[in-house]
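A short write-up of the structure that comes next.
No value in this document is a laboratory result; all are computed from the given coordinates. Note that this is a predicted model, so its numbers are computed, not measured.
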Amino acid sequence: MLTLDELTTFFNAEFPHVTCTVESVGNMGAVIRQRVTPTELRPGGTVAGPVLMSMADIALYAAILGEIGLVPLAVTTSLNINFLRRPSPDADVIAECRLIKLGKTLAVGEVSLYSEGIDAPVAHAVGTYSIPPR
């Protein structure tokens, strides 16, 4: 198992362009937060879809690494997202990932994304990662 500090150090070193933060990892899941600034907004004043997709992918990666350790070459093989409602442009976005299956070569998880302070999800994603042989 990978600790939150180890994962944060890895992300900061390998993905310095990523602006979200991992808030928790472990127990087959992860929670990440994206502070919403004008950079994350698209025309119309809503959080851009690619920001939400990126968050889903990062949450899956974090949850998987939290279980299997630092395996940097684990890669996304599929990611399907449903945009459910308009995210608030004035609230952080929270992504909550839960791994559904963690095998030797594939991991499957789901991610629910929320505007902070609102119970209804703004998006839901399901993704699969390929885990390389050790």
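Key figures for this structure:
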| read-out | value |
| --- | --- |
| Angle in degrees between helix 4-14 and the longest Cα principal axis of the chain, rounded to the nearest 10 | 80 |
| Long-range HN-HN contacts of Ser24 with modeled amide H, under 5 Å | Val31 |
| Chain lengthening between Arg42 and Ala13 when straightened (0.36 nm per residue, less Cα-Cα) | 7.6 nm |
| Cα Rg, Dmax, the chain, angstrom units | 14.2, 46 |
| Hz values of 3J(HN,Hα) by residue in region 121-134 - Karplus curve (6.51, -1.76, 1.60), Gly and Pro given as x | x, 8, 7, 9, 10, 10, x, 10, 10, 8, 9, x, x, 7 |
| Principal-axis tilt of helix 49-68 within the chain, Cα atoms, nearest 10 degrees | 30 |
| The chain, relative contact order [Cα under 8 Å, separation at least 6], % | 26 |
| Per-residue [θ]222 nm for the chain (sum of -39500 (n - 2.57) over DSSP H runs n ≥ 4, rounded to 500) | -7500 deg cm²/dmol |
| Rg/Rg_ref, region 67-128, where Rg_ref = 2.2 N^0.38 Å and atoms are Cα | 1.29 |
| Under 5 Å, built H, 5+ apart or other chain: amide partners of Ser88 | Ser115 |
